[in-house]
Structures are given as C-alpha cells and as structure tokens.
Amino acid sequence: MSRTEKEWRAILSPEQFRVLREKGTERAGTGKFNKHSAPGVYTCAGCDAPLYKSATKFDSGCGWPAFFDAIPGAIDRHDDFSFGMRRTEITCHNCGGHLGHVFYGEGFPTPTDERHCVNSVSLAFHDKKQ
C-alpha cells in the first residue's frame, strides 16, 4: 500500500503518524492496549491489515503490548542499528508502518521465546472469533 506523506497525515492522528511513519515510540505504560486482554484480532492502525491474534498476547511487564508471534506474513523484520545497538524492527507488511521491535531469548514461557514489543498507537482492535 503506497500513500504520500500528505495522505498519511490526513488519515492518521499526529501521534499515529509520528510512530507509524516516522518510527517513533510511545511512552511505556501509556498505550491503551498494554493491559488489554479481550479476544479478537489486532490490526494495523494505518491500513487495518490483521497483525496479531489476541491468543498470542502476553503480559511481559515491559509497558507495551507484547505478542509472541504474528499472523503469518503480516509483519516484516528489519535490522535497526539506532541507539548504538542492533535490534529487529517490525513493520506492517501491507503498508510498511512501524510497529515496534522484536526481542529474542528473554526466557518468557512462550512457544517462540520472542517478544514483539508493539506500540499501542500502531494497533487497532477488532472483536472477532479466532
């Protein structure tokens, strides 16, 4: 999905634009989906593509929504060398919107031992059967 900066600014809130299009990060503990636990599907706030099923969400205590796996094909992973370290950035496969980062090997009791640390502002939620 290709949109101009002007088109993105017209459909996203200023905070959504800052995070999704400029790779920003919301403050820890401030996002509406951090402690959210209803059954359904989390989609991209920019394009509404399905990203995560609620069954993969867990409380990591990090201050952002955490998931141990994405819907197959929903996200892309990119090396991110900002802040003087190597991290793995995750973006929406459909529109390229910045979601957050994946962290590996932290020892959480999840099937993948991955923590997809996602900005709430990058997400929308839909009550759907999984």
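Read-outs throughout are calculated quantities, based only on the coordinates presented, and are distinct from any laboratory measurement. The structure displayed is predicted, hence computed values, not measured ones. Cβ coordinates were reconstructed from backbone atoms using ideal geometry, including for glycine residues, and neighbour counts include every protein chain displayed.
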ask   = Summing Lys, Arg as +1 and Asp, Glu as -1, what charge do residues with Cβ under 11 Å from the Cβ of Asp79 carry, Asp79 excluded?
value = +1
inquiry  = Of the candidates Gly24, Gly84, Gly107, which one comes out as most mobile in a Gaussian network treatment of the chain with C-alpha springs shorter than 10 Å?
reply    = Gly84
message = Sort 67-78, 4-15 by packing, meaning the average of other beta carbons within 10 Å per residue, with the highest value first.
response = 67-78, 4-15
inquiry  = With θ taken as phi - 60° and the coefficients 6.51, -1.76 and 1.60, list the Karplus ³J(HN,Hα) couplings across the range 102-112 in order, rounded to whole Hz; mark glycine and proline as x.
reply    = 9, 10, 10, x, 8, x, 5, x, 10, x, 10
key: Cross-link reach list, lysines versus Lys57, counting only Cα pairs under 29 Å and skipping chain neighbours closer than eight places   = Lys23, Lys32, Lys35, Lys128, Lys129
query = What Cys residues in the chain are without a partner cysteine, judged by a Cβ distance under 4.7 Å?
reply = Cys62, Cys117
message = For a test of the definition: using alpha carbon positions, the gyration tensor, and the 1.5 limit on a/c, classify the range 1-104 as rounded, prolate or oblate.
response = rounded
ask   = Extension gain Asp79-Asp59, at 0.36 nm per residue separation less the Cα-Cα distance, in nm?
value = 4.7 nm
task = Give me the distance between the Cα centres of the range 1-60 and the range 82-123, rounded to whole Å.
result = 12
ask   = According to a simple spin-label model (label point 7 Å from Cα along Cα-to-Cβ), what is the distance in nm between Lys35 and Tyr104?
value = 3.3
message = Which residues among the range 25-53 fall inside the zone where the amide N is under 11 Å from a point 7 Å beyond the Cα of Asp127, along Cα→Cβ?
response = 38-40
ask   = Relative contact order for the chain using alpha-carbon pairs under 8 Å, separation at least 6, rounded to a whole percent?
value = 29
